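This report refers to the structure that appears directly beneath it.
Here, each number is a calculation from the coordinates, and none is a lab measurement. What you see is a predicted model, and the numbers here were worked out from it, not measured in a lab. So basically every Cβ, Gly included, is an ideal-geometry build from the backbone, and we count neighbours across all protein chains shown.
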């Protein structure tokens, strides 16, 4: 889904105009960017969390010359999906020790018997 499709989806689901939906999406993205720039973590319970992780400096290799080079440290924005989002995209996943209770939205998978041999 690209940005125009997202704007359309927000407009349909919220009843807002496409112009207002685009403004809302832009405001959300700008808010997340501002929070990450400030070093804050953005958590949306059940959906996930945006944060900045530091990558340490490391040795790398130039694939063309095979020469060893140093890759400098950097910051990387990351998104970690929350339990609700994970369960939504994996609805048949059985209950695990991390999530011992299966809900109607996330039923426990049942084994299926193999068809009889001819």
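Could you list, in sequence order, all residues of segment 5-45 that are within 21 Å of residue 85 (Cβ to Cβ) and exposed (fewer than 12 other Cβ atoms within 10 Å of the Cβ)?
The answer is 5, 12, 13, 14, 29, 31, 41, 45.
Anything in segment 34-67 that is more than 29 Å from residue 88 (Cβ to Cβ) and in a loop (DSSP other than H, G, I, E, B)? List them, or say none.
Within segment 34-67, 38, 39, 56, 57, 62, 63, 64, 65, 66, 67 qualify.
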